[in-house]
Amino acid sequence: MLDNLANKKIAVLMGGLSAEREVSLSSGAAVLEALRGAGYNAAPIVYDGPGLVKDIAETRHDLVFLALHGKFGEDGTIQGLLETMGLPYTGTGVTGSAIAMDKAITKKILKYHNIPTAECIIVKNSSADLSLAESFGLPAVVKPSTQGSTIGMSFVYKKDDMSSALKLAFSHDREAVVERYIEGREITAGILNYEALPLVEIVPKSGVYDYDAKYLTHDTEYICPAKLPPQLEKRIKAMAIEVFDVLHGYGYARVDFRVDRDENPYVLEMNTLPGMTSTSLLPKAASAAGLNFTGLIERMLEGALRRG
């Protein structure tokens, strides 16, 4: 147990109102179990709706571990609430959370800073934009602008499938990102306190890393550390830190990449509150760096205290 956390009352905030609620509950349960197992005074707060402010105020915690995912948890809204209440919390602040949650804005910032990212267009639910999307080259990936855990995402290989993919994306958001699918490898870079952790390669047996491959079928292989040429590994880690910086990350995050067959890395997005379940990628990367699950959580909480 760390001395600076020993006397703190820690809330683990989980649940939420997004489509990622179940993932959040799993993350929160894992974090809570680890903290209690290490002897910390930790308690859950399950976010179910408008009563959250009262729940937080009445429990009188010293700091909050954010195990929320998706809208109203990862998008700066909860971060702003906690700041107005004067409560330290884990992870990225209001501005960075809002930016990284919005894939359309993220894309614009990456392009402004000349950071390689997959070619894309941003479309709204209008006839003009739908026509533009249907003329986009294939294969493509279609996803709602502000969702995580691949919710609402589709892989489009035929022009006739673009309409249904957009319909699914628009059921989750007013904007959709239509992105060029990059043939190659899926790599993710965990960041902890401005240092890149060992890279993870994701190899889904189905060939598609979607919601089922992440959480349901359990047949995805994770290779950590990823087997990459040293120069490519160095480049990806440097790009991840740059992305973390320009998107206003704080404490920790996960930056996702596709690496094409010529070994060119492209940034897909940054996740400011990565999953903390048994199959989650950031804990895998931390473990490869010699940091166990409880140690990772402790580092995250120390970051919250440093911010104040």
The condition of being of a type outside the set (Phe, Trp, Tyr), under 20 Å from VAL255 (Cβ atoms) and part of a helix (DSSP H, G or I) holds, among LYS108, LYS143, only for LYS108
Tell me which of these LEU130 doesn't satisfy, since it passes every other one: (1) of a type outside the set (Gly, Ala, Ser); (2) crowded, with 17+ Cβ neighbours inside 10 Å; (3) assigned to a helix (DSSP H, G or I); (4) touching a residue at least 60 places away in the same chain (Cβ under 8 Å). (4)
Could you list all residues from segment 150-169 that are closer than 10 Å to ALA140 by Cβ and among the small types (Gly, Ala, Ser)? SER154, ALA165
If I ask for residues that are outside any loop (DSSP other than H, G, I, E, B) and either farther than 17 Å from ILE121 by Cα or without any contact (Cβ under 8 Å) to a residue 12 or more places away in the chain (or both), which ones from segment 147-167 would you list? ASP160, ASP161, SER164, LYS167
Report yes if LEU192 is surrounded by fewer than 22 Cβ atoms within 10 Å (Cβ to Cβ) and modelled with pLDDT of 95 or more, otherwise no. yes
Hey, ASP219 among the charged types (D, E, K, R) and either assigned by TED's automatic domain parsing to the domain that holds GLN79 or closer than 23 Å to SER26 by Cα (or both) or not: yes
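Look through segment 58-91, keep the residues that are of a type in the set (S, T, N, Q) and either in the same structural domain as VAL255 (by TED's automatic domain parsing) or within 20 Å of VAL46 (Cβ to Cβ) (or both), and return whichever of them is modelled with the lowest pLDDT.
Among those that are of a type in the set (S, T, N, Q) and either in the same structural domain as VAL255 (by TED's automatic domain parsing) or within 20 Å of VAL46 (Cβ to Cβ) (or both), it is THR59.
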By residue number, the members of segment 88-105 that are in a helix (DSSP H, G or I) and of a type in the set (D, E, K, R) are LYS103
Got a sec? Which helices (runs of 4 or more DSSP H) wholly within segment 14-87 have at least 1 residues that are surrounded by fewer than 16 Cβ atoms within 10 Å (Cβ to Cβ) and in contact (Cβ under 8 Å) with a residue 40 or more places away in the chain? 21-37, 52-59
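The values are calculated or read from the model by the stated rules, or taken from the named source; none is laboratory data. Please read all numbers here as calculations on a predicted model, not as lab measurements. Using ideal geometry, Cβ is built from the backbone for each residue, glycine included, and neighbour counts are taken over all protein chains shown.
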